[in-house]
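Nothing in this text is a laboratory measurement; each read-out follows from the coordinates by a stated rule. If you're wondering where the values come from, they're calculated on a predicted model, not measured in any experiment. Using ideal geometry, Cβ is built from the backbone for each residue, glycine included, and neighbour counts are taken over all protein chains shown.
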Amino acid sequence: MPSCSALRQCIRVRQLSDTPLDIEVVYAEPHRGIVKELRLPQGSSVADAVRLIARDPDFAGVDLANSPLGIFGRVTRGDHLLSQGDRIEIYRPLAADPKEARRARAREARKKP
């Protein structure tokens with residue numbers, strides 16, 4: 001098990017590194033998915049990546065200003081600092097409320113003999 005001081009040393013080296021970050025930005029629609037790879041400087045935030053991706057024509061029509069964002073399935077804010085290999089996910093609104101859809105399926109199942 002690494003010691004606590006080794007962990008602090010690792011974090012310190014990682015913060016001082018000036019190698020660029022390689023990240024992905026992904027967005028999924030029912031019939032297509034968009035995956036873009038970006039190279040950003042150390043210290044970049046999620047908002048920096050979204051501002052950069054907003055200029056990409058593939059993201060035209062995507063409401064980047066109001067869409068929730070996440071990194072590997074966890075919702076995050078725009079001021080979150082990125083790490084090497086992060087995948088920023090742009091979430092779109094749900095087509096239907098999951099609870100209501102389940103209730104509708106249950107009602108239909110009860111109707112069938």
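Near Asp58: Cβ cut-off under 12 Å, other residues only, Lys/Arg at +1 and Asp/Glu at -1. The net charge is +1. A Cβ-based charge dipole, computed about the Cα centre of segment 19-111 with Lys and Arg at +1 and Asp and Glu at -1, lands at about 760 debye.
Work out the FRET efficiency for Glu37 and Asp79 from their Cβ-Cβ distance, taking R0 = 30 Å, and round it to the nearest 0.05. So, using R0 = 30 Å, E works out to roughly 0.85. Simple rule: put +1 on each Lys or Arg Cβ and -1 on each Asp or Glu Cβ in segment 19-111, find the dipole, and look at Ser45, Leu81, Ala65; the Cα lying farthest toward the positive end is Ala65.
Please rank Ser44, Ser67, fewest neighbouring Cβ atoms within 10 Å first, as an exposure proxy.
Working: Ser44 18, Ser67 14.
Placing the least packed residue first, the sequence is Ser67, Ser44.
Using all pairs of distinct alpha-carbon atoms, the Kirkwood hydrodynamic radius of segment 19-111 works out to 14.8 angstrom. Once both labels are positioned 7 Å from their Cα atoms along Cα-to-Cβ, the gap between Glu29 and Glu100 label points is 2.4 nm.
Just flag the chymotrypsin sites (Phe, Trp or Tyr not before Pro) in segment 20-97 sitting in loop per DSSP whose Cβ has no more than 10 other Cβ atoms within 10 Å. Before the final figure, lay out the partial values.
Values: sites: Tyr27, Phe59, Phe72, Tyr91; in loops: Phe72, Tyr91.
Of the chymotrypsin sites (Phe, Trp or Tyr not before Pro), the ones in loops of segment 20-97 whose Cβ has at most 10 other Cβ atoms within 10 Å are Phe72.
Which net charge results when you count Lys and Arg as +1 and Asp and Glu as -1 among the other residues whose beta-carbon is under 14 Å from that of Arg92? The partial results should precede the final answer.
Details: positive: Arg32; negative: Glu29, Asp63, Glu89.
Residues close to Arg92 contribute a combined charge of -2.
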